[in-house]
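Worksheet: one structure, shown below.
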Amino acid sequence: MSDETCIFCKIVQKEIPSKIIFENEDNMAFLDINPISEGHAIVIPKKHYNTLEDLPDDELSKLFQVVKKIAMLLHEKLNIDGYNVVQNNFKAAGQEINHSHVHIIPRTFGDMKIRLSLPKTSATNEELDRVLSKLKS
Ligand code: AMP
Ligand code: ZN
């Protein structure tokens with residue numbers, strides 16, 4: 001399962017170079033070419049799946065085992081205080097490469113890299129109930 005127009009499939013096939021951190025039969029982790037912070041890593045399944053929704057559960061499980069492994073590696077080897085694990089799905093959420101992938105973005109205190117100050121709103125009890133009933137119908 002490969003898409004010849006996909007950059008990440010080309011990385012898997014070694015048709016284009018990448019800075020590979022880790023690779024096994026099913027997954028690959030490499031450095032993001034435009035890192036948000038030093039060590040910004042991308043973890044992918046080797047097979048081409050567009051989004052989270054296309055990933056079979058066993059693939060998802062293997063993918064996140066590698067995410068954990070790489071997150072711990074970054075934490076151990078780089079002088080960081082934490083990391084964000086980000087996974088964009090569909091254009092509206094900022095997904096640019098349609099080969100499902102997970103970002104691990106190293107963080108240090110006060111780095112001002114990504115401010116996850118989510119634009120929170122408030123919701124009434126009725127509004128929460130309305131969406132809950134949509135989800136449960
Ligand atoms: P997303 O917006 O979640 O689709 O993120 C795609 C990420 O892939 C971006 O952070 C890009 O910098 C990164 N990227 C694009 N091309 C390459 C490449 N050839 N090697 C490594 N990372 C890449
Ligand atoms: Zn692909």
Linear extension gain, Ile20 paired with Leu78, 0.36 nm per residue minus alpha-carbon span: 19.2 nm
Among Leu74, Phe109, Pro119 the positive-end extreme of the charge dipole of the chain (Cβ point charges): Phe109
Gaussian network model of the chain, springs between alpha carbon atoms under 10 Å - residue of Glu23, Glu76, Glu127 with greatest fluctuation: Glu127
Cα-based Rg and Dmax for the chain, where Dmax is the largest Cα-Cα distance (Å): 17.3, 54
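Grab the DSSP H runs of the chain that are 4 residues or longer, score each as -39,500 (n - 2.57), total them, divide by all residues and round the 222 nm result to the nearest 500 deg cm²/dmol. All intermediate terms of the calculation are to be shown ahead of the outcome.
Values: 3 runs with 39 residues, N = 137.
Counting only the DSSP helices, I get -9000 deg cm²/dmol.
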Probe 1.4 Å, protein heavy atoms only - accessible area per residue of the chain in square angstrom: 68
Largest-first ordering by accessible area, 1.4 Å probe, given options Leu63, Leu132: Leu132, Leu63
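Would you tally the net charge around Asp26, using a Cβ to Cβ cut-off of less than 10 Å, leaving Asp26 out, and scoring K and R as +1, D and E as -1? Don't jump to the answer; show the numbers that get you there.
On the way: positive: Lys46, Lys47, Lys62; negative: Glu23, Glu25, Asp58, Glu59.
In short, -1.
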In region 1-133, lysine pairs closer than 16 Å at Cα, eight or more apart or cross-chain: 10
Label-point separation, Gln65 to Cys6 (7 Å along Cα→Cβ), nm: 2.1
Sulfur and carbon atoms: percent of accessible area, region 33-81 [1.4 Å]: 51
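The values are calculated or read from the model by the stated rules, or taken from the named source; none is laboratory data. Just so it is clear, the model here is predicted, and its values are computed rather than measured. Glycine gets a Cβ as well: all are built from the backbone with ideal geometry, and neighbour counts include every protein chain shown. Keep in mind that these areas ignore ligands, DNA and RNA; they rest on the heavy atoms of the full protein, side chains included. Shrake-Rupley method; radii C 1.70, N 1.55, O 1.52, S 1.80 Å.
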